[in-house]
Amino acid sequence: MLNEKNDLAIDCCLLAGRLMIESGAETYRVEDTMTRMAISQGLIGTQSFVTPTGIMFSLGKDGSTRLMSIKERWTDLEKIALVNQVSRKLTTNELTIEEAYEELQRVASANLMFPFIWQLIAAAVASGSFLILFKGTWWDVPAATIAGGTGFVVVTLIHELTRVKFFAEFIAASVVGSIAFLAILGNLGTDLNTIIISGVMPLVPGLLITNAVRDLMAGHFVSGVSKGAEALLTAFAIGAGVALVLSF
């Protein structure tokens, strides 16, 4: 009976860690959450090792060790908040380990993302807003808005088809650059550089860069360097896509 409870506690901790990593949480936050959940169940001396692509969790030298791989990652701050809520309730004994595991399973199966149309509108509006932030002219706002929205649609569709993130960002950046260039040729814009920079802003991995820095500052060098490398490759893909258009 005790072994079964320990196994359930490990499964619960791993599920919480997986949900947080998949949703864009920092590595040190994931490890801290898993440790607190384990301690609440009387599991002292647990060890965890978290990377962007996998989680290892152990009860110690006399206990079992589990490994869980992370296949996909996105940004979903609401799921992170819900997992933290379950963790807090578990540590304050408001939930049993069985109830906490059921809650986490419901969080895992829930689709909490905004509808795609709202994401598209947000990306388009953000691009237009960034153009003003970058001291562009109001005349260029429609071009930046269309470029940013179209780029967001393209990166989403290409990623769904190929599952290659960097290729999707390369194509999307090329589309943004092409729209900006056509806007200038058609006298629908005045500043090519500002339109392009504003249009690619929804593609920029801001959260990834932030998490990379925070993980490095927290001493998680493997996760920090890997996230930093991913952000660098993303930036290279965006830059290469724009450079391809401008080279013609």
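One table, with the values for the structure above:
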quantity	calculated
Ellipticity estimate at 222 nm from DSSP helix runs (n ≥ 4, -39,500 (n - 2.57)) divided over the chain, nearest 500	-23000 deg cm²/dmol
P(r) weight above 16 Å for region 2-109, C-alpha pairs, percent	51 percent
Dipole axis of region 116-246 (+1 Lys, Arg; -1 Asp, Glu on Cβ), positive-most option in Val141, Gly228, Gly151	Gly228
Residue with peak Gaussian network fluctuation, the chain [Cα springs, cutoff 10 Å], from Gly199, Gly219, Gly228	Gly219
Relative packing of 235-246, 183-194, which averages over residues the other C-beta atoms within 10 Å, highest first	235-246, 183-194
Packing rank of 143-156, 46-59, 91-104, 5-18, where each peptide gets the mean count of other beta carbons within 10 Å, highest leading	143-156, 5-18, 46-59, 91-104
At q = 0.07 Å⁻¹, base-10 log of I(q)/I(0) for the chain (Debye sum, equal scatterers on each alpha carbon)	-0.31
Global size of region 116-246 as Cα Rg and Dmax, reported in angstrom	15.3, 51
Sites Ala108 and Gln47, calculated FRET efficiency, Cβ-Cβ separation with R0 22 Å, nearest 0.05	0.40
Size of electric dipole in the chain: Cβ of Lys, Arg +1 and of Asp, Glu -1, about Cα centre, debye, nearest 20	340 debye
For the chain: relative contact order, % (alpha-carbon pairs under 8 angstrom, 6 or more apart)	17 percent
Accessible carbon and sulfur surface of the chain relative to its total accessible area, %, 1.4 Å	66 percent
Relative packing of 25-33, 113-121, which averages over residues the other C-beta atoms within 10 Å, highest first	25-33, 113-121
Euclidean distance between Cα centres, region 42-83 to region 161-206, Å	37 Å
Cα centre as origin, Lys/Arg/Asp/Glu Cβ charges: region 116-246 dipole, Debye	160 debye
Most positive-pole-ward Cα, Gly206, Leu67, Phe49, against dipole of the chain from beta carbon charges	Gly206
Accessible area per residue in Å² at 1.4 Å probe, computed on region 63-151	62 Å²
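The values are calculated or read from the model by the stated rules, or taken from the named source; none is laboratory data. Computed from a predicted model, the values in this text were never measured in an experiment. Cβ sites come from the backbone with ideal geometry, for glycine too, and all protein chains shown count toward neighbours. These accessible areas exclude ligands, DNA and RNA; they are computed on the full protein's heavy atoms, side chains included. Shrake-Rupley method; radii C 1.70, N 1.55, O 1.52, S 1.80 Å.
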